Structures are given as structure tokens and as C-alpha cells.
Amino acid sequence: MFGLGKKLFKEHKGSAMIMVSIAMVSLIGFGSLVLDIGNLFLTRNRLNNALDASVLAACQELPDSTTSAGEVVKEYFANHGFDVGALTNYHISEDKKKVTATGQVTVQYFLARVLGIESATVKCTAAAQIMPLTAARGVVPLGIQDQELLYDVKYTLKVASNSNTAEFLGPGNFGVLVLDSTGADSFEDSLTYGYDGVIKVGDTLNTESGNKSGAARDGVNYRVAQCTHACTPSNHDPSCPRIIILPVYETVDVQNNKVFSVKIVGFAAFLMDIPGDKMVGNECYVDGYFINMVVEGEGEEDAKDYGAYAVKLIV
Ligand SMILES: [Zn+2]
């Protein structure tokens with residue numbers, strides 16, 4: 001009787017231990033889920049962020065240089081704390097408008113090893129694309145007629161003597177567009193700092209007559225003085241204030257050869273020329289060289305391409 005009770009007790013104790021063991025395995029299993037899966041997601045996020053940043057930065061080099069775009073992918077990936085060897089593939093599309101990058105890392109498990117699972121592989125792909133700019137802030141109150149823009153040609157964007165030509169919007173006009181409000185102060189503000197509102201393809205802008213020589217001179221001098229990078233059309237700092245974004249337009253309201261309003265069909269970027277002796281008295285021209293440029297703003301793949309682009313993640 002007594003012996004049987006002891007045996008029963010032992011058996012109970014035994015099954016309790018089995019229960020505890022099962023509970024322990026379950027706990028470790030559950031713990032491994034929380035810890036190891038959490039770690040897996042964290043790594044996946046980090047890898048995704050690193051790849052996103054890499055392809056976005058690389059797009060800033062397009063469409064001019066696929067070589068430097070490739071270098072930028074590797075540099076940004078490494079700067080995000082990953083071994084460059086984990087960048088298993090990157091590719092720049094033939095039209096030089098898209099960068100794709102794939103990364104792969106092995107994540108070692110901690111607790112899941114108890115269950116016999118040593119590690120997992122995390123693999124992510126990111127892609128970004130440049131698209132013709134369709135809406136932007138910081139545009140200057142000048143413009144250029146719809147045309148094929150050429151490299152290494154100096155374009156005059158605002159004249160200083162009334163040329164009466166259609167190129168500068170006809171009699172009484174000098175090439176000035178109204179972005180904010182009319183008047184020399186508003187023109188100078190937008191020329192100097194870029195208009196702080198958003199201008200879009202399809203918008204209609206009024207022209208404004210008058211030379212506005214003082215305002216033009218101040219705006220140009222302000223921007224030119226800040227170029228400490230010795231920028232040239234083929235090699236310029238992307239943050240240089242000499243780079244201006246302006247609307248490409250079609251004329252819509254023309255009376256007696258004078259253009260009263262224009263419709264925006266796209267955007268182009270120019271590197272403002274250093275004016276030298278073109279800034280004496282009323283002689284305030286704004287000249288610039290056409291460049292390709294990726295800027296902040298919105299873009300559309302099918303929009304007309306005038307060399308100014310927005311960048312977007314597409315994967
Ligand atoms: Zn510069």
C-alpha cells in the first residue's frame with residue numbers, strides 16, 4: 001500500500017518533469033520566434049533601407065554617368081553598414097534611367113538552433129528610376145521655348161535690350177515669366193532663391209514686360225557668388241546655386257507678336273553662366289548652359305524629356 005503510493009508519486013514526478021521539459025521546449029521555441037524572427041525582420045528592414053538609399057543616390061548620377069552610378073550604389077550600401085560582398089547584383093538599364101540592386105545576407109539564429117535551425121537567408125531588391133520632371137518647387141521666373149536643347153551651347157535666358165523677338169516673348173518683353181506676382185521684387189525673389197510654390201506641366205503662366213535689370217543683376221550675382229566649386233557644364237556640384245530649373249513652354253496668348261501667356265510643357269536645368277562684363281548698367285542678361293539634372297519634385301515616365309528629372313523608387 002505504502003510502496004504503491006511512493007511509486008505513484010514517482011510516476012507523477014516523472015510526468016511532471018516531462019511536462020516541464022515540453023514547456024521549456026515550447027518556451028524556447030516561442031522565444032526563438034520572438035528573438036530570431038524579430039532579428040530577421042530587423043535585418044530585412046536594414047537591408048531594404050540600404051538598397052533603397054543606394055539606388056536613389058545612384059539615380060542622381062543618371063543619365064550622365066553609369067560608371068559613377070555604379071560606384072555610388074556600392075558606396076551607399078557600404079555606408080549603411082553592409083559588406084559590399086552582400087551586394088549580390090546591381091544593374092543600370094540601357095536607357096540610363098533605372099538602377100536595380102539586390103542584396104543578400106545570412107542571419108545566424110540564436111535560440112532556434114535548439115530546434116536545429118542554424119540560420120536564414122534574407123534577400124531584397126530595390127529599384128529606382130528617373131522620370132521627366134512634371135512638377136517642382138524652386139523654379140526661376142524665366143523660361144525657354146519648346147525645342148531640342150543642346151549641350152555646350154550658351155543659351156540666353158533673359159535679354160537686356162528689347163530684341164522684340166519671339167524667343168524673348170516679343171515686343172516689350174525680355175524673357176520674364178510671372179510665377180508669384182508681378183513686380184521687380186517678386187521677380188528678384190524667385191530668381192534669387194527659386195519660387196517657393198509648386199509649378200506643374202500644363203500650368204499657364206503670364207509674361208511680364210520690362211527689363212528688371214537691377215533685380216536680374218542681384219539675383220545672378222547672389223547665385224554666382226555661392227559657386228565655390230568651379231562648376232562647369234560637364235562637372236558641377238548638384239547643390240550649386242548656379243543651377244537653375246526653368247519651365248519649357250509653348251506660347252498660347254500672342255497678340256501682335258507679343259506673348260501674353262505660355263503653357264508649360266516640361267522643365268529644363270541650366271548652369272548659370274558667370275556674366276563678367278554682361279552686367280554693367282542695364283545690361284543684365286541671364287545666360288546658361290543646358291545640363292541634365294535630377295531634382296526634387298514629381299515626374300512621369302511618359303512626360304516629355306527636357307533633361308530635368310525626378311527620381312522615384314519603383315520596387
Ligand atoms: Zn558651383
Inset, instruction - With a cut-off of 11 Å, note down the residues of segment 114-136 whose backbone N falls inside the zone around a label point 7 Å from the Cα of Leu35 toward its beta carbon. - result: 114
Inset, instruction - Report the extension gain between Lys200 and Val153 in nm, rounded to one decimal, defined as 0.36 nm multiplied by the number of residues separating them, less their alpha carbon distance. - result: 14.3 nm
Inset, instruction - Note down, for segment 54-176, the three equivalent ellipsoid semi-axes (square root of 5 times each alpha carbon gyration tensor eigenvalue), biggest first, whole angstrom. - result: 51, 14, 11
Inset, instruction - Determine the dipole magnitude for segment 2-130: charges of +1 sit on the beta-carbon of Lys and Arg, -1 on that of Asp and Glu, nothing else is charged, the reference point is the Cα centre, and the result goes in debye to the nearest 20. - result: 1060 debye
Inset, instruction - With a 10 Å radius around each residue's Cβ, average the other Cβ atoms per peptide and rank 279-288, 229-238, highest first. - result: 279-288, 229-238
Inset, instruction - Starting from the amide H of Phe260, placed 1.01 Å from N in the peptide plane, find each other amide H under 5 Å away whose residue is 5 or more places distant or on another chain. - result: Asp253, Val254, Gln255
Inset, instruction - Quick one: which residues, 5+ away or cross-chain, put their amide H under 5 Å from the amide H of Val294? H built at 1.01 Å from N. - result: Tyr309
Inset, instruction - Give me the angle, in degrees from 0 to 90, between the Cα long axis of helix 2-32 and the longest principal axis of the Cα atoms of the chain, rounded to the nearest 10. - result: 10 degrees
Inset, instruction - Would you be so kind as to identify which of Ser234, Asn45, Gly29 lies farthest towards the positive end of the dipole of the chain, taking Lys and Arg as +1 and Asp and Glu as -1 on Cβ and the Cα centre as origin? - result: Gly29
Legend entry - Cα-based Lys proximity count in segment 2-130, under 21 Å, for pairs eight or more positions apart or on separate chains: 5
Inset, instruction - With only Lys, Arg, Asp and Glu charged, each at its Cβ (+1 for the first two, -1 for the last two), find how big the charge dipole of the chain is about the Cα centre; round to the nearest 20 debye. - result: 2080 debye
Inset, instruction - Looking at the chain, send over the antiparallel percent of its DSSP beta bridges, to the nearest 5. - result: 90 percent
Inset, instruction - Please label the shape of segment 183-315 as rounded, prolate or oblate, based on the square roots a ≥ b ≥ c of the eigenvalues of the alpha-carbon gyration tensor (a/c under 1.5 means rounded; beyond that, a/b larger than b/c means prolate, else oblate). - result: oblate
Inset, instruction - Measure nothing fancy, just the Cα-based angle from helix 38-59's long axis to the longest principal axis of the chain, in degrees from 0 to 90, nearest 10. - result: 20 degrees
Legend entry - FRET efficiency for Tyr193 and Glu298, using Cβ-Cβ distance with R0 set to 22 Å, rounded to 0.05: 0.60
Inset, instruction - Report, in degrees rounded to the nearest 10, the 0 to 90 angle that the Cα long axis of helix 213-225 makes with the longest principal axis of the chain. - result: 40 degrees
Inset, instruction - Using only Cα atoms, locate the centre of segment 237-295 and the centre of segment 97-133, then give the distance between them in Å, rounded to an integer. - result: 44 Å
Inset, instruction - Scan around Gly299 for amide H atoms under 5 Å from its own, H built in the peptide plane at 1.01 Å from N, and keep only partners 5 or more places away or cross-chain. - result: Thr134
Legend entry - Note, ³J(HN,Hα) from phi for segment 81-88, Karplus 6.51, -1.76, 1.60, rounded to Hz, x at Gly and Pro: x, 10, 5, 4, x, 6, 7, 6
Inset, instruction - Would you mind pulling out the separation of the Cα centroids of segment 31-61 and segment 138-182, in Å? - result: 47 Å
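Given the DSSP H assignment, sum -39500 (n - 2.57) over each helix run of at least 4 residues in the chain and divide by its residue total; what's the result at 222 nm in deg cm²/dmol, nearest 500? It would help to have the intermediate numbers written out before the result.
Numbers: 5 runs with 90 residues, N = 315.
It lands at -9500 deg cm²/dmol.
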Legend entry - Approximate spin-label separation Thr182-Lys263, in nm, with each point projected 7 Å along Cα-to-Cβ: 2.3 nm
Legend entry - Point-charge dipole on Cβ atoms (K/R +1, D/E -1) for segment 203-271, about Cα centre, debye to 20: 200 debye
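The numbers here are math on the coordinates, done by the rules we state, and not lab data. Keep in mind it's a predicted model, so treat the numbers as computed, not measured. When we count neighbours, we look across all protein chains shown, and the Cβ atoms used for this are built from the backbone with ideal geometry, even at glycine.
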